[in-house]
Each structure stands twice: as structure tokens, then as C-alpha cells.
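Accompanying notes for the structure given below.
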Amino acid sequence: MLELKDVVVTYGRIIALQGISLRIPDGEIVSIIGANGAGKSTTINAISRMVPITSGSVTLNGSELSIPPHRIVKKGIVQVPEGRRVFSSISVRENLILGGYLIRDLKKLERKIEEQYRRFPILGERRNQPAGTLSGGEQQMLAIARALMSEPKVLLLDEPSLGLSPLLVKEIFELIVDLKKNGLTILLVEQNAQKALAISNYAYVLETGRIVAEGTCGQLLGNPVVEEAYLGIKR
């Protein structure tokens, strides 16, 4: 289980996270929803140690993760950043090779690449194309495939549906559910609250660096404040 306890993150005088605590049990999808600037991406970056934690702790199965980002990956926690951030000038295949940098066995590396091509057939078709020539949806698939190359235990997804068409959003959320069925633990950061809640075991609502509500999908859908502020439902 991945757990955050009283995590504070500051940027100069700005307090981005004000002592948040959350739990991501093994094999579940947990979502963080909230408006822009709520601290959602900062939470994921704090777990990955891409930003320093001022106070509090992040633990995996009880062991504190006060280690550099590359060692976080070795522990099995891998982030798919907001905006995809593929390496645009190199090919799809080369992006996948970089994602599998921890794999020393070349035969295993090739097996993992072929596994991603089976999961994302379009990437197999475009394997030799520069990643920057892919569509936004294809780049998101590549970003997820690249993360899966390192065989993560916990996948941190930061706004995976951002900027995608409704059809591609549906495909991405179906993929997330499928990954969970295959045993992956997922922390999902999403502005599309309705979609996120529909597939999550549990969710947290973040507002200006604080958790203002939490619960199962049914509990949050029954919360009038959450419904009006994040789901567009007025009673």
C-alpha cells in the first residue's frame, strides 16, 4: 500500500499542499479530483520526489520513500506526467527502450516492447515514426506504454484524458480499468471528475492544497458540495 501522511509541500512562501493524508491500497484505483491549482499534480510529484517534501511522509508497504526519483522507479512507482512529455525527436520504439532502462536482459526488453505493441497496436504500426508526429491520443498511449515498460507496481497517472477527444477519453479510461484488472495499483489525477469517480474504488477531493472530501464513488456522488462544484449537478 502507498500512503501519504501529513504531507506539506511549499514553493517559497506558497504552501501547495497543506498536510494531506491519503491511502492507495494494492490493486485499487484511487482518484484525486479538484480544480486547476488544487495541488493534484503536486501530490503526484511529491510521491515521485520530483518536488521536495517540506514535512510529512510517503511510504510504500510501510517503508519510507525519502529517496531520489530514479530509486522511486526501482521501487515500482512510475509516473505518467501531465501533457504526456514523450521524447518527440526519437522514434516510438526508442521511447519504449528508454522506458525499459532498468531491464538488462535484451531478450526480455524485446518481449516487453512487443507486449506494448500488442496492448497498443497503433504504436506497433508507428514504431519507427518520431514520437512528435503522433496524435495527442497516440502520444498518451505511448506515455503509458513507456511507463509500463518498467513493470510498475503503482502507476501514477496525471491528467491522462487532458486534451483528448471523447472517443479517446473513453479508450483511455477503459485501458485504466483493464490495467487494474491485471493487478496494477493506480493513483489517478483527473479534472474529469465524473469519469474518474466512475472507475475508482475511492477518491479524494483536493481544494487549495487540502483534502475537503473523500469517499467511495457513491458517497461522493451523494455529497451536494462535490456534486455542484465538480460534477455540475445542482439540486
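The values are calculated or read from the model by the stated rules, or taken from the named source; none is laboratory data. Predicted model, so just to flag it, every value in this text is computed and none were measured. No Cβ is skipped: glycine too gets one built from the backbone with ideal geometry, and neighbour counts run over all protein chains shown.
Numbers for the structure displayed
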{"quantity": "Complete set of residues in the stretch 149-166 that are of a type outside the set (G, A, S) and touching a residue at least 60 places away in the same chain (Cβ under 8 Å)", "calculated": "E151, P152, K153, V154, L155, L156, L157, D158, E159, P160, L162"}
{"quantity": "The lone exception for L175 - which of (1) at pLDDT 90 or above; (2) touching a strand residue (DSSP E or B) at 6+ places or on another chain (Cβ under 9 Å) it fails", "calculated": "(2)"}
{"quantity": "Top-ranked residue of the stretch 208-235 - restricted to ones that are surrounded by 18 or more Cβ atoms within 10 Å (Cβ to Cβ) and modelled with pLDDT of 85 or more, ranked as nearest to R13 (Cα to Cα)", "calculated": "G209"}
{"quantity": "Condition met for I33 (touching a Phe, Trp or Tyr at 6+ places or on another chain (Cβ under 8 Å) and modelled with pLDDT under 95)", "calculated": "yes"}
{"quantity": "Residues that are of a type in the set (V, I, T) and either modelled with pLDDT under 95 or buried (at least 18 other Cβ atoms within 10 Å of the Cβ) (or both), drawn from the stretch 59-79", "calculated": "I67, I72, V73, I77, V78"}
{"quantity": "Selection within the stretch 63-115 - among the aromatic types (F, W, Y) and within 15 Å of E151 (Cα to Cα)", "calculated": "Y101"}
{"quantity": "V51 within 20 Å of the chain's Cα centre (by Cα), closer than 30 Å to K5 by Cα, part of a strand (DSSP E or B) and free of Cβ contacts under 8 Å to residues at least 60 places away in the same chain", "calculated": "no"}
{"quantity": "Top-ranked residue of the stretch 111-148 - restricted to ones that are touching a strand residue (DSSP E or B) at 6+ places or on another chain (Cβ under 9 Å) and more than 27 Å from K75 (Cα to Cα), ranked as surrounded by the fewest Cβ atoms within 10 Å (Cβ to Cβ)", "calculated": "N128"}
{"quantity": "The listed residue being within 27 Å of I47 (Cα to Cα) and among the aliphatic types (A, V, I, L, M), out of L109, L123, L134", "calculated": "L109"}
{"quantity": "Failed item in (1) under 20 Å from the mean Cα position of the chain (by Cα); (2) surrounded by fewer than 22 Cβ atoms within 10 Å (Cβ to Cβ), with I176 passing the rest", "calculated": "(2)"}
{"quantity": "Where a residue in the stretch 62-86 is outside any loop (DSSP other than H, G, I, E, B) and its partner, wherever it lies, is acidic (D, E) and surrounded by 20 or more Cβ atoms within 10 Å (Cβ to Cβ), with Cβ under 8 Å and at least six apart", "calculated": "Q79/D158; V80/D158"}
{"quantity": "In the stretch 142-175, the residues that are in contact with a Ser or Thr (Cβ under 7 Å, 6 or more places away or on another chain), within 19 Å of N95 (Cβ to Cβ) and β-branched (V, I, T)", "calculated": "I172"}
{"quantity": "Looking only at the stretch 80-108, and only at residues there that are over 25 Å from T185 (Cβ atoms) and in contact with a strand residue (DSSP E or B) (Cβ under 7 Å, 6 or more places away or on another chain), the one that is surrounded by the most Cβ atoms within 10 Å (Cβ to Cβ)", "calculated": "S91"}
{"quantity": "Residue in the stretch 106-127 that is assigned to a loop (DSSP other than H, G, I, E, B) and touching a residue at least 60 places away in the same chain (Cβ under 8 Å) present", "calculated": "no"}
